[in-house]
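The values are calculated or read from the model by the stated rules, or taken from the named source; none is laboratory data. Model, not experiment: these values are computed from the prediction. Reconstructed Cβ throughout: ideal geometry from the backbone, glycine too, with neighbour counts over all protein chains shown. Note: accessible area is taken over every heavy atom of the protein model, side chains too, but ligands, DNA and RNA are not part of it. Shrake-Rupley method; radii C 1.70, N 1.55, O 1.52, S 1.80 Å.
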Amino acid sequence: MTTETLQFNAAGLDRWTEPVRFHITSERLAEYARAVNDPIPAHLAGDVANPVFAIVPVFQSLLEPALEVVPLSVLGRVLHGEQDFRFHRAIVPGETLVARGRMTGWEGLPNGTRACVYLETRDEGGDLVNEQYVTFFVRGFDDGRKLGQLSPGHRLADALRDGEPVAEFTQHIDDDQTFRYAPASGDPMPIHTDEQVARDAGLPGIIAHGFCVLAFTAWAIVQELGDGDVRRLRRLAVRFAKPVLPGQDIHTRVWDAGEGTFGFETTAGDTAVLRDGLAELGEA
């Protein structure tokens, strides 16, 4: 229920965070590739970034809008619901990127409130490198209002899912995956590295980072459908459905939606963990 004293702070809507600079090194790109078992040679050499590395330079800019808008008492209920990357070019070593973000809108619902943070990453010359729409969900808190703009849609059509996939692959999440991914990504959330904290949060134990799972799927899509060239990837969008546990296998099916657009879904056993996946590829 909505109250007059517990709502999102509307004054924080569309307010840009201060720019954050992030220097890219070959070592950091290679570390990230190893942390997600990425086999693409250019990624392992640190010559170009795995596409999901794009979240690393914007991590601070992602958190700040939520801290400005969401009541502190419900911050612990925030879940990362969806991610939508728009790539203008790949990230390469030796450059300094400048990131900033703003909350664009939210919608109160009976079971919680979903909100969108828009992030942009530019080079030092001001040219866009990538854009990101991040949807997060505050469980059990209905703000009662619908303000601003939410993330663009990317729903996977049922008819497409019923067809024959053009690619299919199975990958293994290692037992120590989260301990390698946490430092490589700069994500310190203890539910990924501390068994007791994870269980206290109502989880079955340590869970894999959602971005780590997506990074696995991303390199496989680039490898299978993009000739191993990350420069061909234009868009990558997904809904995070369920957590993945270290030691599990994940299985992805990809369907051709035409004109360089592909839908995908990733499961762990019989459980969908990534839904409504969308990948767009073009020429390098």
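Considering only residues in segment 101-114 that are part of a strand (DSSP E or B) and free of Cβ contacts under 8 Å to residues at least 60 places away in the same chain, the one that is nearest to GLU31 (Cα to Cα) turns out to be ARG114. Would you be able to say whether some residue in segment 204-224 is closer than 23 Å to VAL92 by Cα and over 20 Å from the mean Cα position of the chain (by Cα)? Checked against the condition, which is being closer than 23 Å to VAL92 by Cα and over 20 Å from the mean Cα position of the chain (by Cα), segment 204-224 yields at least one hit.
Only one residue in ALA237, ALA241, ALA279 is under 22 Å from PRO152 (Cβ atoms), open to solvent by 10 Å² or more (accessible area, probe 1.4 Å) and not aromatic (Phe, Trp, Tyr), so which one is that? Only one candidate passes the filter, namely ALA241.
A single entry from THR170, THR178, THR135 fulfils the requirement of being loosely packed, with under 13 Cβ neighbours inside 10 Å, β-branched (Val, Ile, Thr), within 22 Å of the chain's Cα centre (by Cα) and at pLDDT 95 or above: THR170.
For segment 138-167, the set of residues classified as at pLDDT below 95 and in a strand (DSSP E or B) consists of VAL138, ARG139, listed by residue number.
For segment 94-105, state whether one or more residues are over 27 Å from VAL36 (Cβ atoms), of a type outside the set (Lys, Arg), open to solvent by less than 10 Å² (accessible area, probe 1.4 Å) and modelled with pLDDT of 95 or more.
yes
Considering every residue within segment 6-18, establish whether at least one is in a strand (DSSP E or B) and over 30 Å from THR170 (Cα atoms). Within segment 6-18, one or more residues are in a strand (DSSP E or B) and over 30 Å from THR170 (Cα atoms). On inspection, ALA90 does not qualify as part of a strand (DSSP E or B), out of contact with any Cys (no Cβ under 6 Å at 6 or more places or on another chain) and hydrophobic (A, V, I, L, M, F, W, C). Starting from residues that are open to solvent by 20 Å² or more (accessible area, probe 1.4 Å) and aliphatic (A, V, I, L, M), keep the ones in segment 244-276 and report whichever is nearest to VAL166 (Cα to Cα). Result: ALA257.
Only one residue in VAL117, VAL98, VAL74 is of a type in the set (A, V, I, L, M), touching a Leu at 6+ places or on another chain (Cβ under 9 Å), over 26 Å from GLY226 (Cα atoms) and in a strand (DSSP E or B), so which one is that?
Criteria check complete, one pass: VAL117.
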